[in-house]
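Everything below concerns the one structure shown next.
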Amino acid sequence: MQTLCFQGLTKAYGGVPALSDVTLTLSAGRVHALMGENGAGKSTLIKLIAGVVAADRMTVTRDGKTLPLRTAAEATKAGFRFIHQELNIVPQLSVAENVLLGHPAPRRFGMFIDWRRMQDKAAAALASLGAEHIDVRQQAGALATGDKMLTRIASALVAEAGAAEPCLYVFDEPTAALTASESTKLFDVIARLKAQGAAVLYVSHRMNEVLQICDDVTVLRDGRHVLTTEIAKTTRVEIIAAMTGKPVSDAIPARTTPVGQGVACRVTALDTRDLSGLNLSLAEGEILGVAGLDESSQTAFLRLILGQGRIQKGGLEVLNGPAPTSPEQAWARGIAYVPRERRSQGLMLGMGVRPNALFPHLVDYGLLADKRAEVARTRGLADQVRLRFQGTEQPVGQLSGGNQQKVLFARAIAKNPKLLLLEEPTRGVDVGARAEIHGLIRALSTQGSAVILASSDLVELLGLSDRILILQGGRQMAVLDRQAMTPADLLARIYASEAA
Ligand SMILES: Nc1ncnc2c1ncn2[C@@H]1O[C@H](COP(=O)(O)OP(=O)(O)OP(=O)(O)O)[C@@H](O)[C@H]1O
Ligand SMILES: [Mg+2]
């Protein structure tokens, strides 16, 4: 194959256009970036060419010949492989079963599933990603977020005996849930696919990656095509302007006022099942970054403060009182939380924006609820995070990925929390909204809210934090002053702690 051409891509949801007459041409051996703000239509475009959502209009040609593409089966037959943004792993199944999901299972005598061969195949696909550490017999639900993503990516790389070589790989925000080193391995894989002559379509909000690994870029705005060019012929500024329609600064606002006098949180010689030897105190208005390769201990730390977890030894004092004993109590005391996985841990996807944004803050339910006040409150919050939605009652599951993330953040800031616990707050969020969220975090800190920010985004971490706690295997390795640290310094510290 030389070129794949998707023409006139059009899709409306309930009369509201999500994609209008977009044309995209992909070439063999080239990586094509698809960019645009949250809700611009990227995932919709991908769902159309994957045959999982019916297009209102679409013509597909391969080297000039028309290609039928109405169902997922036809897309697979055409040699298209997809890593969708939100399609999650099946938690009850093993890693091996997840990797081979959608592929014919290897069988013995044409009947019995050959588990051994299945495991070998899955392990080979994971190894090609440099993810040998994942045990294929393990239940997928127990994996860390990054490992879940690697499992899904491996699934697209499984070689299928007898099937045509894949000619197109599509990745919808694959690195949003990966660490820097995992991302690097993925980029090696993409380089290999490209060298083998496949076309790659790549969606990401991370400009550096796009500039590094892509050959071409197409930008969508409000469901319309605005720009296609070679990466070598454009600039970061031009791409951002095409996405937003105006210049946007992605600089993170620095601290302008000193941190407060009072203590928001004090941890003394603390041990739990997952954490050990934690010793630190957080001032009012201070932002404490949390870094490390092992995200589960970061989650354990934040959740402990939220009242989920048991202290075995040592002390934890939160907002001048004992640690909360439940999340309900924590929210009531002014502690707010943005969890790591928005769809499985944070949002009620079938419910509207309003209940999702407000539920931890609601005192009166049912008949006593003041719906008009809630709607007004929700609208105000939506404005603050620049939510792109059709109304306060629209189910959150219908929002684009980045807009779902904004709902989660809106909920956390709804009542000016005194202590804000954040895990990956800008995951999947576009440049403009990211700047907005960074501004809101800085503003809360200036007003005296303390913030604990766990993030794998080193620019974000260094841009906002006053100090950075490095956790490894649940142990406190260091608390570093952010002053004069570069991303490279921080990365070196993170890896040094892993080796320790
Ligand atoms: N099932 C659905 N029902 C109604 N509207 C939908 C549905 N799926 C998507 N949309 C709307 O289509 C528009 C485009 O969404 P899409 O998911 O393609 O955005 P995106 O560019 O992938 O954004 P992000 O960067 O946040 O992932 C959004 O306004 C979204 O709310
Ligand atoms: Mg998307």
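Key figures
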quantity	calculated
Failed criterion for A410 (all others in (1) touching a Ser or Thr at 6+ places or on another chain (Cβ under 7 Å); (2) farther than 19 Å from F301 by Cβ; (3) more than 15 Å from ligand 2 (Cβ to nearest atom) hold)	(1)
Residue that is away from ligand 2 (no atom under 16 Å from the Cβ) and surrounded by 16 or more Cβ atoms within 10 Å (Cβ to Cβ), where the choices are V237, V263, V219	V263
Total residues in the stretch 371-415, condition more than 15 Å from ligand 1 (Cβ to nearest atom) and in contact (Cβ under 8 Å) with a residue 40 or more places away in the chain	6
Every residue from the stretch 137-151 that is assigned to a helix (DSSP H, G or I) and over 14 Å from the mean Cα position of the chain (by Cα)	A140, G141, A142, T151
Test set (1) outside the structural domain of I83 (by TED's automatic domain parsing); (2) in contact with a strand residue (DSSP E or B) (Cβ under 9 Å, 6 or more places away or on another chain); (3) touching a residue at least 40 places away in the same chain (Cβ under 8 Å) - R273 fails condition number	(3)
Test: residue in the stretch 50-72 that is at pLDDT 90 or above and assigned to a helix (DSSP H, G or I)	no
Some residue of the stretch 221-241 being of a type in the set (D, E, K, R), free of Cβ contacts under 8 Å to residues at least 12 places away in the same chain and out of contact with any helix residue (DSSP H, G or I) (no Cβ under 6 Å at 6 or more places or on another chain)	yes
Elements of type helices (runs of 4 or more DSSP H) in the stretch 336-431, at least 2 residues being among the charged types (D, E, K, R) and in contact with a helix residue (DSSP H, G or I) (Cβ under 8 Å, 6 or more places away or on another chain)	371-384, 401-413
Tally, over the stretch 73-98, of residues that are part of a loop (DSSP other than H, G, I, E, B) and within 16 Å of ligand 1 (Cβ to nearest atom)	5
The stretch 46-69, subset on the phi < 0 side of the Ramachandran plot and exposed (fewer than 14 other Cβ atoms within 10 Å of the Cβ), residue nearest to ligand 1 (Cβ to nearest atom)	A54
Unique match (being closer than 26 Å to F187 by Cβ, basic (K, R), within 16 Å of ligand 1 (Cβ to nearest atom) and modelled with pLDDT of 95 or more) among K11, K42	K42
Test: residue in the stretch 387-400 that is modelled with pLDDT under 95 and either in contact with a His (Cβ under 8 Å, 6 or more places away or on another chain) or outside the structural domain of V375 (by TED's automatic domain parsing) (or both)	no
Filtered residue count, the stretch 5-18, keeping only those that are under 17 Å from A75 (Cβ atoms) and within 16 Å of ligand 2 (Cβ to nearest atom)	2
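The values are calculated or read from the model by the stated rules, or taken from the named source; none is laboratory data. Since the model is a prediction, treat every value here as computed from it, not as a measurement. Cβ coordinates were reconstructed from backbone atoms using ideal geometry, including for glycine residues, and neighbour counts include every protein chain displayed.
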